Amino acid sequence: MCNRYKSPSKAEEEISIETIKKLPKMYFTNVTGGEPFIREDLPDIIRELYKISDRIVISTNGYFTDRIIALAKEFPQVGIRISIEGLEETNNEIRGLPNGFQRGYQTLKKLRKMGMKDVGFGMTVQDRNADDLVHLYNISDKLDMEFATASLHNSFYFVETTNIIHDRQKVAKNFEKLINRLLKSNSPKKWFRAYFNHGLINYIYGQPRLLPCDMSFDTFFIDPYGDVMPCNGTKEKEVMGNLNECTWNELWNSYAAERVRKKVRKCDRQCWMIGSVSPAMHKYIWKPALWVVVHKLRSVFTDKGYSMYENKICRDYKDGIVTKEDLDKLSTCEECIDKCNC
Ligand SMILES: C[S@@+](CC[C@H](N)C(=O)[O-])C[C@H]1O[C@@H](n2cnc3c(N)ncnc32)[C@H](O)[C@@H]1O
Ligand code: SF4
């Protein structure tokens, strides 16, 4: 799923506070890894980021409970997403962290008790954990927590090229159940999450993104070496410049940055990760908003909930018009593409 741990960065090469100070004003920052809490100067980084960023969310495996609680005490407004890949057995098997589920869950409970609002699970849905999706949502809902979802991607960032969903119908069915739960809630935020999960069904069937991708135009990704890139979804690193070596304005207006933007305009990877989708949902709000209005009204006034078969591709697959091999070819899984080409 993610092999980043096999290519660890060296502490002395990692991004410094001096480089972080060069970042521009941001309305949102996601701090991720590797594991962000391995860096003992994380509080200094967050302090610096709050000077330039309106909102910060940290993605973590939840293992360093004491460090997470200490950080939350200093920054009660910070968002924390603990990655949990299903119920206890499934999570511990996928993540391979001893007692990982309990550690993550107990950390979240402590954070909620402290009054932290922007905390919750992050679950990356795949064949092995799809059946746990709604169960985990229920646990999260009981604690009134956030519930972020993703599905498998391949990229330089995940150090992966072979991730793929095999049983698309099973996975989509579980997303469908989650979407209907979210639409039944009274929270507009959850209705828009329902739209995001609808986009995940579209993604796992290899279809074009529901919304344009404007990464590198108004959003960027910076890695531990100071390399600035459009996103974390490309196959290879697409570097716009290195922030250790220049100012933000020089980097953002450079020839290399323009070259990368041209590539993004032609990018065919069709990712559907919150980092690139959330800005698009804000920018092209009418499209998710219309979907939300139609589906919320339908869930209130009729007994007809959301169906995955609203997606033509799901119907075509069910009816045998497209095959698993056809869909595999549309994915970013290199093994599958190679197999299909030979
Ligand atoms: C790569 S982790 C890094 C941060 C932290 N160590 C953690 O465990 O959350 C960030 C998020 O990416 C998700 N993830 C891992 N592999 C993925 C993949 N191949 N495609 C999409 N998301 C993935 C994880 O489940 C997690 O929610
Ligand atoms: S679709 Fe967007 S987020 Fe995905 S690799 Fe292409 S530019 Fe990056």
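Derivation of every value follows stated rules applied to the coordinates shown; laboratory data play no part. For clarity, every value in this text was computed on a predicted model and none was experimentally measured. Note that each Cβ is placed from the backbone with ideal geometry, even for glycine, and that neighbours are counted across all protein chains shown.
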* Determine the dipole magnitude for the stretch 48-101: charges of +1 sit on the beta-carbon of Lys and Arg, -1 on that of Asp and Glu, nothing else is charged, the reference point is the Cα centre, and the result goes in debye to the nearest 20. => 260
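Tell me, what is the percent relative contact order of the stretch 74-159, built from C-alpha pairs under 8 Å that lie six or more residues apart? Please list the in-between numbers first.
Values: 108 pairs, mean separation 28.5, N = 86.
It comes to 33 percent, rounded to a whole number.
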* Asked: Can you run phi through the Karplus equation (6.51, -1.76, 1.60; θ = phi - 60°) for the stretch 299-309 and list ³J(HN,Hα) in whole Hz, with x for Gly and Pro?
  -> 6, 7, 9, 10, 9, 8, x, 5, 10, 4, 7
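Translational D (Stokes-Einstein, µm²/s) of the chain at 20 °C and 1.002 mPa s when Rh comes from the Kirkwood sum over C-alpha pairs? Don't skip to the answer; put the middle values down first.
Numbers: Rh = 21.1 Å.
Approximately 102 µm²/s, per Stokes-Einstein.
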* How do TYR255, TYR205 line up, fewest other C-beta atoms within 10 Å first? -> TYR255, TYR205
* Step through the residues of the stretch 282-297 one at a time and calculate ³J(HN,Hα) from phi using the Karplus curve (6.51 cos²θ - 1.76 cosθ + 1.60, θ = phi - 60°), rounding each to whole Hz and writing x for Gly and Pro. => 6, 6, 10, 4, 4, 6, x, 5, 4, 4, 4, 4, 4, 6, 5, 4
* Taking the Cβ of TRP248 as the center, what net charge do the other residues with Cβ under 15 Å away carry, scoring Lys and Arg +1 and Asp and Glu -1? -> -2
* Which of VAL31, PHE175, SER276 sits farthest toward the positive end of the charge dipole of the chain, with +1 on the Cβ of Lys and Arg and -1 on the Cβ of Asp and Glu? -> PHE175
* How large is the charge dipole for the stretch 1-42, taken about the Cα centre, if only the Cβ atoms of Lys, Arg (+1) and Asp, Glu (-1) carry charge, to the nearest 20 debye? -> 240
* Over the chain, what is the relative contact order in whole percent, taking alpha-carbon pairs under 8 Å and six or more residues apart? -> 15
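Show me the three semi-axes of the equivalent ellipsoid for the stretch 1-119, from the C-alpha gyration tensor (sqrt of 5 times each eigenvalue), largest first, rounded to whole Å. Write down the numbers at each step before the final one.
On the way: eigenvalues 120, 71, 27 Å².
In descending order, the three semi-axes are 24, 19, 12 Å.
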* To do: Can you tell me the dipole magnitude for the stretch 83-236 around its Cα centre, using point charges on the Cβ only (Lys, Arg +1; Asp, Glu -1), in Debye to the nearest 20?
  => 740
* Could you tell me which of SER299, ASN244, ALA256 has its Cα farthest along the dipole of the stretch 225-332 towards the positive end, charges placed at Cβ (Lys, Arg +1; Asp, Glu -1), taken about the Cα centre? => SER299
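Given Cα pairs under 8 Å that are at least 6 residues apart, what percent is the relative contact order of the stretch 51-120? If you can, show how the numbers build up before the last one.
Numbers: 82 pairs, mean separation 26.1, N = 70.
Worked out over the stretch 51-120, it gives 37 percent.
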* So, counting K/R as plus one and D/E as minus one, what does the shell of residues with Cβ under 12 Å around PRO212 add up to? -> +2
* **Set LYS170/LYS263; LYS51/LYS73; LYS190/LYS283; LYS6/LYS237; LYS25/LYS283 screened for pairs whose C-alpha atoms are more than 23 Å apart** => LYS170/LYS263
* To do: Under 17 Å Cα to Cα from LYS117, which aspartates and glutamates show up? Leave out anything in the same chain fewer than 8 places away.
  => ASP54, GLU74, ASP141, ASP144, GLU146
* Asked: Name the GluC sites (Glu not before Pro) in the stretch 222-300 that are in a loop by DSSP and that have at most 14 other C-beta atoms within 10 Å, would you?
  -> GLU236, GLU245
* 3J(HN,Hα) from dihedral phi, the stretch 15-28, Karplus parametrisation 6.51/-1.76/1.60, rounded to Hz, x for glycine, proline -> 3, 9, 4, 4, 5, 4, 4, 7, 5, x, 4, 9, 8, 8
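Show that you can apply the helix-only estimate: for the chain, add -39,500 (n - 2.57) for every DSSP H stretch of four or more residues, divide by all residues, and state [θ] at 222 nm to the nearest 500. Let's see the in-between values first.
Working: 15 runs with 153 residues, N = 342.
Value at 222 nm, helices only: -13000 deg cm²/dmol.
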* To do: Taking amide H positions as placed in the peptide plane 1.01 Å from N, state which residues far from SER53 in sequence (5 or more) or on other chains have amide H under 5 Å from it.
  => MET26
* **Inter-part distance where the stretch 221-245 and the stretch 111-130 are each reduced to a Cα centre, Å** => 27
* To do: Collect residues whose amide H, placed 1.01 Å from N in the peptide plane, falls under 5 Å from the amide H of VAL31; neighbours closer than 5 in sequence don't count.
  => VAL57, ILE58, SER59
* Asked: Ranked highest first by the average count of other Cβ atoms within 10 Å around their residues, in what order do 299-310, 213-224 fall?
  -> 213-224, 299-310
